[in-house]
Protein chains: 2
Amino acid sequence: MDQAKGTRKSRAGGKADTAKVDLTAVVVAVSNNEPCVLTIGQTDTLPSGPLALEHRSLQSGLRTWVEEQTGHPLGYIEQLYTFADRDRAGAELERRVISISYLALTRKEHATAPSRSSWQSWYDYFPWEDHRAGTPPMVSDLLRPRLIEWAESADDDATRLERRRRAAIAFGFGDRPWNEDLTLKRYELLYEAALVEEAMRGSTLPPPVGGKSMVSDHRRILATGISRLRSKIKYRPVVFELMPPAFTLLQLQRTVEALAGRLIHKPNFRRLIEQHQLVEETGETSTETGGRPAKLYRFRHAVLEEGEVAGAKLPLSRA
Amino acid sequence: MDQAKGTRKSRAGGKADTAKVDLTAVVVAVSNNEPCVLTIGQTDTLPSGPLALEHRSLQSGLRTWVEEQTGHPLGYIEQLYTFADRDRAGAELERRVISISYLALTRKEHATAPSRSSWQSWYDYFPWEDHRAGTPPMVSDLLRPRLIEWAESADDDATRLERRRRAAIAFGFGDRPWNEDLTLKRYELLYEAALVEEAMRGSTLPPPVGGKSMVSDHRRILATGISRLRSKIKYRPVVFELMPPAFTLLQLQRTVEALAGRLIHKPNFRRLIEQHQLVEETGETSTETGGRPAKLYRFRHAVLEEGEVAGAKLPLSRA
DNA sequence: TCCAATTATACTCTACCTGAATATAAGGCG
DNA sequence: CGCCTTATATTCAGGTAGAGTATAATTGGA
């Protein structure tokens, strides 16, 4: 501690209390009922860049980098989390790297310029997170046995029990319900169990359990973004950031389902949307749905002005 | 943007993409039904210190600083927000300052060493946030007229309407309900209206509207912590971090009320606690309450292990 | 001693919210 | 025309939350 105090006083000079600050964005869009994240290059890398002095704020720095790297101007953004794991700093660096991550919601059509960015489905990175068609086979056939194996490999009974319990809660084993919000917890558990590629860099041991990995800790950041978004759609009307100006109620439902990774009871979904007056009819209808034409709706922007007081939430309340 | 790109390439050398990183803690305890925050010195300053290379992580750096400055080892902590306002950097500094803030919950008794720290009531800094005895007079008599004045001073009708609406939502004017979670929003509104001291540093204009201010942006950080905690007690059993090992249900209720700044319907509170099985009887009773002796309870730590799946939430759902 | 004040604990009633199922309407298409 | 598909409306039961009321067990004082 005295050491730490020492570094404080030397703030003007040394590298000890100086850091490189990186801004990283999880940019989300949904199209064709598939939730996507924006990556740059062919390298499974999230848009990011160092905070610089000419940036007026963290947010404006982030917007600048993302627009430059991907051609997407950002609308809605919110801060996610700040990471500073030691292993983020390459061994050759004498400086720590801080990574401030943001969640951004947009639509693919908003791109203004072609660029070397591309959209990837969430579920390419997290195949165990899509429960829209029921529990994915890979969960029961692959993850579950590997996690049980991991639990059993613990040294003492208490740890074994604890690991089994954590896995059961996170993945909904046994008769427990699956909770879509726990994306980050699930990823961290798989990391701890060394079942994802990132956890075993430099190792030669058993192969990872599935899902593309990403550069450095970007998959963890993506998991953080998914968790946050899945929670948030339940109590704030943020889905509409991902919708076109006019949409049918089923399109809206499918978008929510894509994000949540689970299906919703249709009549109840409509009831909630209507009773919270989140939308209003445009007067038009769409016949492109195969059956009876559906009314088109637009988001009632007034709900944003009505304050967080009133409901303004979406279903998915609990499994 | 080209400019920004330029700085990126020069990352190895210049000061442009280098920053000083500060860790700041909002340490909360409740005693005598008063929610308190830990400050150092006599200067209304939150415990804080620069992140240094020898810190294993952000959290451990924070724990080190707080323990050194206040003698309080920390238990529960969670990250709040990362700030990087330009005006945080003193004009003389060529480097940006990043401030990563945390919320910590503890009990005053946990102090291990005497120190130059002290506990201050939240409501000394935010007198408009305590609605336990009804809406405070200062809100109706002082804040409301000043906010209306501010709204009216806008240039155009749209802005005037917008300002009145925002004030009404944030403070629950008219027939709107008061929402205790909006602490940060209220502070930001007062800041924007230049009704708090921090907003008018260097100005000579009308006096601020009340409440002690803090060093630099520490009052904003405290507001962030209060907002987060007031939201969180509704869906996670974090209050128990602030309780002694054994307590009566009324003590528990008073603690929640102290945090929320509003009163709770007693029978409903007990019902919720019991039906979520958050506590278990110790078998003892307490007669120090003046009337009929009250059963003593302890927190059922098992609920933490039962996963965020089950309820585990507290009342205060909506006004 | 016994009453009054104080707090603890238990019970009830109603409105609303939620999950789930069912019924009817309006298009396309062979 | 009749069938398939999707849209839209309605109903029912269980649970939750707000609010009010009743009874129990102490202390302190008349």
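The values are calculated or read from the model by the stated rules, or taken from the named source; none is laboratory data. From a predicted model like this one, the values you see are computed outputs, not experimental measurements. We place every Cβ from the backbone using ideal geometry, glycine too, and count neighbours over all the protein chains shown. Each accessible area value is taken on the protein alone, full model and side chains, heavy atoms only, with ligands, DNA and RNA left out. Shrake-Rupley method; radii C 1.70, N 1.55, O 1.52, S 1.80 Å.
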query: Which one of the conditions (1) within 24 Å of residue A:258 (Cα to Cα); (2) within 21 Å of the chain's Cα centre (by Cα) does residue A:197 fail to meet, given that it meets all the rest?
result: (1)
statement: Here the residues within segment B:164-199 that are away from chain A (no Cβ under 12 Å) and open to solvent by 30 Å² or more (accessible area, probe 1.4 Å) are B:188, B:191, B:192, B:194, B:197, B:199
- prompt: Is it the case that residue B:247 is open to solvent by less than 50 Å² (accessible area, probe 1.4 Å), without any contact (Cβ under 8 Å) to a residue 60 or more places away in the chain and within 14 Å of chain A (Cβ to nearest Cβ)?
  reply: no
Residue selected from segment B:271-292 under the condition near DNA strand D (Cβ under 9 Å from one of its atoms) and farther than 17 Å from residue B:33 by Cα, by the criterion nearest to the other protein chains (Cβ to nearest Cβ): B:276
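This table checks each residue for (1) more than 7 Å from chain A (Cβ to nearest Cβ); (2) surrounded by fewer than 22 Cβ atoms within 10 Å (Cβ to Cβ); (3) part of a strand (DSSP E or B); (4) at pLDDT below 90.
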site: B:15; (1), (2), (3), (4): yes, yes, no, yes
site: B:20; (1), (2), (3), (4): no, yes, yes, yes
site: B:26; (1), (2), (3), (4): yes, no, yes, no
site: B:55; (1), (2), (3), (4): yes, no, no, yes
site: B:67; (1), (2), (3), (4): yes, yes, no, no
message: Given the options B:307, B:290, name the one that is of a type outside the set (A, V, I, L, M, F, W, C), at pLDDT below 90 and open to solvent by 30 Å² or more (accessible area, probe 1.4 Å).
response: B:290
